[in-house]
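Input: a single structure, listed below in structure tokens.
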Amino acid sequence: MTERKAKKKFKQHTKPRERRSNEERSDKREPAEKTEDFVFGHHASVEALKAGRGNKLFIQEDAHGEKTDELKQLAQDFAVPVKWVPKQKLDTLSDGGVHQGIVLAITPYQYLTLTELIEQQTTEPFLLILDGLEDPHNFGSILRTADASGVTGVIIPKHRSVGITSVVTKASTGAVEYVPVARVTNLSQAVKQLKDAGYWIFGTEMSGTDYRQWQVAGPIALIIGNEGRGMSAGLKKEVDELLTIPMTGHVQSLNASVAAGLLMYEVFRKRSGQ
């Protein structure tokens, strides 16, 4: 990698309104799709209630125990009505998901704009850019690891990519309430905006630099590609450095969430001095 002294010093992004991109002028903060208004399972419901997003709590009519009591108390604390219903009702509300006898109707998830995400970052941010991720379980798993490893934000595209759904929320075990997510119209424009704000951009490739040699100081953003196609050719041209995870064996690829997890924890390890 070239010497980082050539990179301009990171500072809070305060670009004047008239210089904002067309994307940022049109990319006003907006909720997730209307159909994504339920979460299910204990952990996801607890975190959504704590975040103040609960509208109505549905509990299986024969449920009992400490977890049920905890949810009832949280619902009471946040003035969320509770309704006891048969399992069939919960099966319908969760679209056949593993609901553990709990479904929570919620307000739609509020995505950030990229400008908002940049403005809330600290002096050494670490952002993930998910390039066309399609599997909600992968997305949820990545959010869960992101919360655990100190990732400060996630960027996803509006189109041809999974958003914050009930399946994503459950797979994240509630981490979606703690990791801010920005949704943008064009990832290439988003990368350019990040570079203007002082970020170094990294991608993944079979022939890249060994990730154990990754220099992680300063503001960085890591691109995780699509499960099947990998990182798009357009974004690959925008990165400052490509990273690879050395592998032996016959299958020379990793699941997207597994690869992302290894890279996230490499940043955590190096930044914590371990």
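The values are calculated or read from the model by the stated rules, or taken from the named source; none is laboratory data. In this text the structure is predicted, and so the values were computed from the model without any measurement. Ideal geometry is used to build each Cβ from the backbone, glycine not excepted, and the neighbour counts take in all protein chains shown. Calculation scope for accessible area: heavy atoms of the full protein, side chains included, ligands and nucleic acids excluded. Shrake-Rupley method; radii C 1.70, N 1.55, O 1.52, S 1.80 Å.
Strands (runs of 3 or more DSSP E) wholly in the stretch 38-96 with at least 2 residues that are at pLDDT 90 or above - which ones?
Numbers: elements: 38-40, 54-60, 82-85.
Because the criterion is at least 2 residues that are at pLDDT 90 or above, the strands (runs of 3 or more DSSP E) in the stretch 38-96 that meet it are 54-60, 82-85.
Please verify whether residue 183 is in contact with a strand residue (DSSP E or B) (Cβ under 9 Å, 6 or more places away or on another chain) and either of a type in the set (Lys, Arg) or free of Cβ contacts under 8 Å to residues at least 24 places away in the same chain (or both), treating the condition exactly as stated.
In short, yes.
Do you know which of the residues in the stretch 99-126 that are in contact (Cβ under 8 Å) with a residue 40 or more places away in the chain and among the polar types (S, T, N, Q) is farthest from residue 54 (Cα to Cα)? I'd like the intermediate steps shown before the answer.
Keep residues of the stretch 99-126 that are in contact (Cβ under 8 Å) with a residue 40 or more places away in the chain, which gives 99-121, 123-126.
Checking the rest, the ones that are also among the polar types (S, T, N, Q) come to 100, 107, 110, 113, 115, 120-121, 123.
Values: 100: 17, 107: 7, 110: 14, 113: 23, 115: 27, 120: 25, 121: 27, 123: 33 Å.
It comes out as 123.
Specify which of the listed residues (96, 150) is under 30 Å from residue 229 (Cα atoms), open to solvent by 30 Å² or more (accessible area, probe 1.4 Å) and in contact (Cβ under 8 Å) with a residue 12 or more places away in the chain.
Unique residue meeting the criteria: 150.
Would you be able to tell me the number of residues in the stretch 107-116 that are open to solvent by less than 10 Å² (accessible area, probe 1.4 Å) and not in a loop (DSSP other than H, G, I, E, B)?
Adding up the residues that qualify gives 1.
Of all residues in the stretch 67-93, how many are under 22 Å from residue 172 (Cα atoms) and exposed (fewer than 13 other Cβ atoms within 10 Å of the Cβ)?
Going through the stretch 67-93 one residue at a time, the tally reaches 1.
Restricting attention to strands (runs of 3 or more DSSP E) lying wholly within the stretch 120-238, give those where 2 or more residues are over 28 Å from residue 41 (Cβ atoms) and among the charged types (D, E, K, R).
So the answer is 200-210.
Can you find even one residue in the stretch 118-128 that is aliphatic (A, V, I, L, M), touching a Phe, Trp or Tyr at 6+ places or on another chain (Cβ under 8 Å) and crowded, with 23+ Cβ neighbours inside 10 Å?
yes
May I ask you to verify whether residue 199 is buried (at least 18 other Cβ atoms within 10 Å of the Cβ), within 19 Å of residue 122 (Cβ to Cβ) and of a type in the set (Phe, Trp, Tyr)?
In short, yes.
Confirm whether residue 144 is surrounded by 19 or more Cβ atoms within 10 Å (Cβ to Cβ) and without any contact (Cβ under 8 Å) to a residue 40 or more places away in the chain.
Answer is yes for this residue.
Every residue in the stretch 202-212 that is open to solvent by 50 Å² or more (accessible area, probe 1.4 Å) and at pLDDT below 90, please. Even if it seems obvious, please write down each step before you answer.
We begin by selecting, within the stretch 202-212, every residue open to solvent by 50 Å² or more (accessible area, probe 1.4 Å); these are 205-207, 212.
Within the stretch 202-212, 205, 206, 207 qualify.
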